[in-house]
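A.B. asks: The structure under discussion is supplied below as structure tokens; questions concerning it will follow.
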Amino acid sequence: MDMLTNKATVTLGGKEWHVSPLTVEDLAELQTWVYSKLDDPIKVARECAEGMPENVVKELMTIAYEDVRSGSRKLGSPDATKLLGTFDGFIEQVYLHTRKNHPDMDRLAWNKLINEQVDVELAVIVDKLKEKEGGAIPDPSIGEPTLPTSPDDTSGRPETSDN
């Protein structure tokens, strides 16, 4: 991290990307994004309460208001943290951290670039597994991969109607 500019540099797709800390405005935008993605407890309670007895409606609305008051959708809450841990949440954070230094990269461009890099990394991993296992890729449903010693040898192969 460059202590003078408070930026970190990350290499992705053969290019260096400058990552800045989130500002208060960025955090406000992230909070708005979280609100837009998580259900409003009061709206959900109203929908669930339709046609219910009055005592049930009152209980549902009380719970919903308590949920809102407790900040169930605020940054740092379990629901917000879970959402930010998703791929979409990750993309939103990457976009906010990099938009000042890379204004040409929108959310869609980051999504595409990161997905392409994941595909590249997965291909490398698969190649390494193939090399390590002599061409066989491990099948988690049967344990360690084994290569047949002859065409009639079915050991290590999954059960099929042909075996």
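A.B. asks: Using alpha carbons only, what's the Rg to Rh ratio of segment 85-136 with Rh from Kirkwood?
C.D. replies: Details: Rg = 15.3 Å, Rh = 12.7 Å.
Ratio of gyration radius to Kirkwood radius for segment 85-136: 1.21.
A.B. asks: According to the square roots a ≥ b ≥ c of the eigenvalues of the Cα gyration tensor, what is the shape class of segment 1-138, taking rounded for a/c under 1.5, prolate for a/b larger than b/c otherwise, and oblate for the remainder?
C.D. replies: Values: a/c = 3.44, a/b = 1.65, b/c = 2.08.
Note, shape of segment 1-138 comes out oblate.
A.B. asks: Within 14 Å, Cβ to Cβ, of Glu92, how many net charges do the neighbouring residues add up to if Lys/Arg are +1 and Asp/Glu are -1?
C.D. replies: Here the count lands on 0.
A.B. asks: For the residue pair Thr23 and Met105, what label-to-label distance in nm results when each label sits 7 Å from Cα along the Cα-to-beta-carbon direction?
C.D. replies: 1.8
A.B. asks: Additional query: How long is the gain from Glu116 to Phe90 if the chain were fully straight, where each residue apart is worth 0.36 nm and the alpha carbon distance is subtracted?
C.D. replies: 7.8 nm
A.B. asks: Each residue of segment 26-35 in order: what ³J(HN,Hα) in whole Hz does its phi give by Karplus 6.51 cos²θ - 1.76 cosθ + 1.60, θ = phi - 60°, with x for Gly and Pro?
C.D. replies: Here the 3J(HN,Hα) series is 4, 5, 5, 5, 5, 4, 4, 4, 4, 4 Hz.
A.B. asks: Which one, Leu113, Pro103, Ala123, is farthest towards the positive end of the dipole of segment 85-136 when Lys and Arg carry +1 and Asp and Glu -1 on their Cβ?
C.D. replies: The Cα lying farthest towards the positive end belongs to Pro103.
Every number in this text was worked out from the coordinates using simple rules, so none of it is lab data. Quick caveat, the model's predicted, so the values are computed rather than measured. Neighbour counts run over all protein chains shown; Cβ positions are idealised from the backbone, glycine included.
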